[in-house]
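Everything on this sheet refers to the single structure shown next.
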Amino acid sequence: MTTRKRVDPDLARLDRVVADARRAREEREQGYRGRALKLYPWICGRCAREFNHGNVHELTVHHRDHNHENNAPDGSNWELLCVYCHDNEHQRYLDTRPLAGNDSPSGSTHTPFADLAALLKGGG
Ligand SMILES: [Zn+2]
Ligand SMILES: [Zn+2]
């Protein structure tokens, strides 16, 4: 019986693959962020707040079609938004999506979505 500690080569390899994949993703994100920041002025597309090297980490790259894999080289799918407006943008996207197609004709006069919409609109 051996007491030598055995390192499973497959496991070690898997660890490296995972680390590589993570680094590749980070590099890709850094890549499009860097490109977007070079391409566009450092201004939030919604609230027009201006950024500089001191606070540019609060400026984020938004994907207009919400597809992070769609990084067109001309930057047409990117929009620079401050973290607050970026949050709002995604909130709006989430809010409107389930309500889309709610105008289907049905015999019912009561829909739970209509109540929800009224709640969301009247709440604030
Ligand atoms: Zn903003
Ligand atoms: Zn976004």
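The values are calculated or read from the model by the stated rules, or taken from the named source; none is laboratory data. Remember, predicted model here, so these are calculated numbers, not experimental data. We place every Cβ from the backbone using ideal geometry, glycine too, and count neighbours over all the protein chains shown. Accessible surface areas use protein heavy atoms only, side chains included; no ligands, DNA or RNA. Shrake-Rupley method; radii C 1.70, N 1.55, O 1.52, S 1.80 Å.
Residue-level check: of (1) under 19 Å from the mean Cα position of the chain (by Cα); (2) among the acidic types (Asp, Glu); (3) away from ligand 2 (no atom under 16 Å from the Cβ), ASP20 misses just (1). If you take the residues of the stretch 59-77 that are modelled with pLDDT of 95 or more, surrounded by 14 or more Cβ atoms within 10 Å (Cβ to Cβ) and more than 11 Å from the chain's Cα centre (by Cα), which of them is nearest to ligand 1 (Cβ to nearest atom)? Among them, the one singled out is LEU59. When the test is whether a residue is open to solvent by 100 Å² or more (accessible area, probe 1.4 Å), farther than 26 Å from GLU79 by Cβ, out of contact with any Leu (no Cβ under 7 Å at 6 or more places or on another chain) and not small (Gly, Ala, Ser), ARG6 passes it.
Would you check if GLY45 is closer than 22 Å to THR96 by Cα, buried (at least 16 other Cβ atoms within 10 Å of the Cβ) and either among the aromatic types (Phe, Trp, Tyr) or touching a residue at least 40 places away in the same chain (Cβ under 8 Å) (or both)?
Here the answer is yes, as GLY45 does meet what is asked.
Screening the candidates ASN52, ASN71, ASN67 for the property of being assigned to a loop (DSSP other than H, G, I, E, B), of a type outside the set (Phe, Trp, Tyr) and more than 14 Å from ligand 2 (Cβ to nearest atom) yields one hit, ASN52.
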